[in-house]
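Structure first, commentary second.
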Amino acid sequence: MKICITSQGQTLDATVDPRFGRAAYFLLVDPESMSFEVLANQALSLGGGVGIQAAKQVIDAGAEAVLTGNCGPNAFQTLQAGGVTVYSGVSGSVRQAAEAFKAGRLTADVQASSDAHSGMDRRQ
Amino acid sequence: MKPFPSIAVASGKGGTGKTTIAVNLAWALSKSGRRVQYMDCDVEEPNGAIFLKPSFQSKEPVLVEVPQVNLDKCIGCGKCGQLCQYGAIVSLGKQVLTFEALCHSCGGCIQICPTEAITAKQLEVGVVEQGMAGAVDCVQGLLQIGSVRTPTVIRQTRKRSRADAIRILDAPPGTSCPVIAAARDVDFMLLATEPTPFGLHDLKLAVGMVRQLGLPFGVAINRSDIGDDRVVQYCREENIDILLQIPDDRKIAESYSRGEMMIEALPHYEPMFLQLYESIQSRGSGR
């Protein structure tokens, strides 16, 4: 199984990016083996609809779940339509997030965790 | 200047008296026997009608086209989603999601679909109303709540422009897309401000905008005897004409608060607006 964790860097020790649509990277992690693959967020350069495009990229990459800080309504709707489960409120390192997921400590979201555009201009 | 010029009343800062100036200018000109059209282009909060009290005779929806997908015809090629720069349509295999609020109505997805699975659906984003207030032809645009298509509604409002009347445009505040949509092609722009640090700050932004548009313009100072003289100083330094100064008269505020026309409640202010028009006429053809 592959899960997608939004990340500020390209390693397992990088910090989880608190935003979904405007995350720098998506790390596709296999929680069993901790092997991973790095995807640059291709939607970052777009002016609008970023969450939707990012969701499309994650769905196409075959992720079954997204672990992130916050996920807006358009991205959430798209991920849901693509059969991807969203876990928001995730922080710390990518590795910690993957371990928490594997241990079953995360709860899946039933709705978007933030308003549209919440990730704009909030680079941390 | 043209016999029937279009004059936009704009401002950087909101609440500086754009509507007060626009409606009283329109009313004074009409009373003097001129043919006048008042166009409320402040479509997010049109309120000139509160003062002019027109009886609107027509009401026309402002429609834009957004995609609608027939999934029976869709082959899931994903070309629509790849084309759209706004994420307004996204193809997930046999499922296609559309986000109408993000759509810019370019029609690209409809064109690129190889199986004609996407067709245009009309979406209402606002209305344009028109009617008479005395002899003033009033047009007003109103944006639907929740819609972001402000310039679309403004352009649709402007389409009602009459070539045989002086057009007074009540522009939206600010310096971005809405005011540009309302006033980019007018014959003259009057910038309303107030003599405060806020008024001065936003006047400078508005002057930058109107200079970039290359339009003749002048300044109107509302409540001219409050605050300080820095707006006047700025205008002098920048060689900008101050064409109107409305004093801080409690009686004006009272008539405003009752939704009355200033020049009806206080007729001695009427010549001031006719004088303003003469000033605009004499300057408009210059610069």
For this session: Determine, yes or no, whether A:Ser118 is out of contact with any Asp or Glu (no Cβ under 9 Å at 6 or more places or on another chain) and more than 14 Å from every other protein chain (Cβ to nearest Cβ).
Result: yes
For this session: Can you tell me which residue within the stretch A:64-74, out of those that are surrounded by fewer than 24 Cβ atoms within 10 Å (Cβ to Cβ) and in contact (Cβ under 8 Å) with a residue 60 or more places away in the chain, is nearest to the other protein chains (Cβ to nearest Cβ)?
Result: A:Glu64
For this session: Please go through the stretch A:20-51 and pick out each residue that is more than 11 Å from chain B (Cβ to nearest Cβ) and either surrounded by 24 or more Cβ atoms within 10 Å (Cβ to Cβ) or among the charged types (D, E, K, R) (or both).
Result: A:Phe20, A:Arg22, A:Ala23, A:Phe26, A:Leu27, A:Val29, A:Asp30, A:Glu32, A:Glu37
Exercise. If you check B:Gly93 against the conditions, is it open to solvent by less than 20 Å² (accessible area, probe 1.4 Å), free of Cβ contacts under 8 Å to residues at least 40 places away in the same chain, outside the structural domain of B:Arg160 (by TED's automatic domain parsing) and not hydrophobic (A, V, I, L, M, F, W, C)?
Worked result: no
Exercise. Is it true that some residue in the stretch A:8-16 is at pLDDT 95 or above and within 14 Å of chain B (Cβ to nearest Cβ)?
Worked result: no
For this session: Have a look at B:Glu260, B:Glu264, B:Glu270 and point out the one that is among the charged types (D, E, K, R), in contact with a Phe, Trp or Tyr (Cβ under 8 Å, 6 or more places away or on another chain) and in a helix (DSSP H, G or I).
Result: B:Glu264
Exercise. Among the residues of the stretch B:187-209, which ones are of a type in the set (Val, Ile, Thr) and surrounded by fewer than 24 Cβ atoms within 10 Å (Cβ to Cβ)?
Worked result: B:Thr196, B:Val207
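Going through B:Gly208, B:Gly214, B:Gly218 one at a time, which residue ends up being in the same structural domain as B:Tyr269 (by TED's automatic domain parsing) and in contact (Cβ under 8 Å) with a residue 60 or more places away in the chain? Walk me through it before giving the result.
On the way: B:Gly208 fails: in contact (Cβ under 8 Å) with a residue 60 or more places away in the chain; B:Gly214 fails: in contact (Cβ under 8 Å) with a residue 60 or more places away in the chain.
Every option except B:Gly218 fails the conditions.
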Problem set entry | Condition check for B:Ile112: within 20 Å of A:Leu44 (Cα to Cα) and open to solvent by less than 70 Å² (accessible area, probe 1.4 Å) | no
For this session: Pull up the stretch B:71-121, narrow it to residues that are part of a loop (DSSP other than H, G, I, E, B) and of a type in the set (Ser, Thr, Tyr), then point me to the one that is nearest to the other protein chains (Cβ to nearest Cβ).
Result: B:Tyr86
Exercise. Within the bounds of the stretch B:265-285, is there any residue that is surrounded by 15 or more Cβ atoms within 10 Å (Cβ to Cβ), out of contact with any helix residue (DSSP H, G or I) (no Cβ under 8 Å at 6 or more places or on another chain), within 30 Å of B:Val148 (Cβ to Cβ) and modelled with pLDDT of 95 or more?
Worked result: no
For this session: Taking only the stretch A:75-111 into account, find how many residues are polar (S, T, N, Q) and buried (at least 17 other Cβ atoms within 10 Å of the Cβ).
Result: 5
For this session: Can you confirm whether the stretch B:167-180 contains a residue that is modelled with pLDDT of 95 or more, assigned to a strand (DSSP E or B) and open to solvent by 20 Å² or more (accessible area, probe 1.4 Å)?
Result: yes
Exercise. Counting only residues that are crowded, with 17+ Cβ neighbours inside 10 Å, at negative phi and assigned to a loop (DSSP other than H, G, I, E, B), how many does the stretch B:219-234 have?
Worked result: 1
For this session: State yes or no: is A:Ala54 open to solvent by less than 30 Å² (accessible area, probe 1.4 Å), under 14 Å from A:Thr6 (Cα atoms) and within 14 Å of chain B (Cβ to nearest Cβ)?
Result: yes
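A quick yes/no check of all residues on (1) in a loop (DSSP other than H, G, I, E, B); (2) open to solvent by less than 10 Å² (accessible area, probe 1.4 Å); (3) not assigned by TED's automatic domain parsing to the domain that holds B:Cys106:
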| position | (1), (2), (3) |
| --- | --- |
| B:Gly15 | yes, no, yes |
| B:Thr19 | no, no, yes |
| B:Leu25 | no, yes, yes |
| B:Leu29 | no, yes, yes |
| B:Gly33 | yes, no, yes |
| B:Gln37 | no, yes, yes |
| B:Glu44 | yes, no, yes |
| B:Ile50 | no, no, yes |
| B:Phe56 | no, no, yes |
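The values are calculated or read from the model by the stated rules, or taken from the named source; none is laboratory data. Note that this is a predicted model, so its numbers are computed, not measured. Quick reminder, even Gly has a Cβ in these numbers, built from the backbone with ideal geometry, and neighbours come from all protein chains shown. Heavy atoms of the whole protein, side chains included, go into the accessibility calculation; ligands, DNA and RNA do not. Shrake-Rupley method; radii C 1.70, N 1.55, O 1.52, S 1.80 Å.
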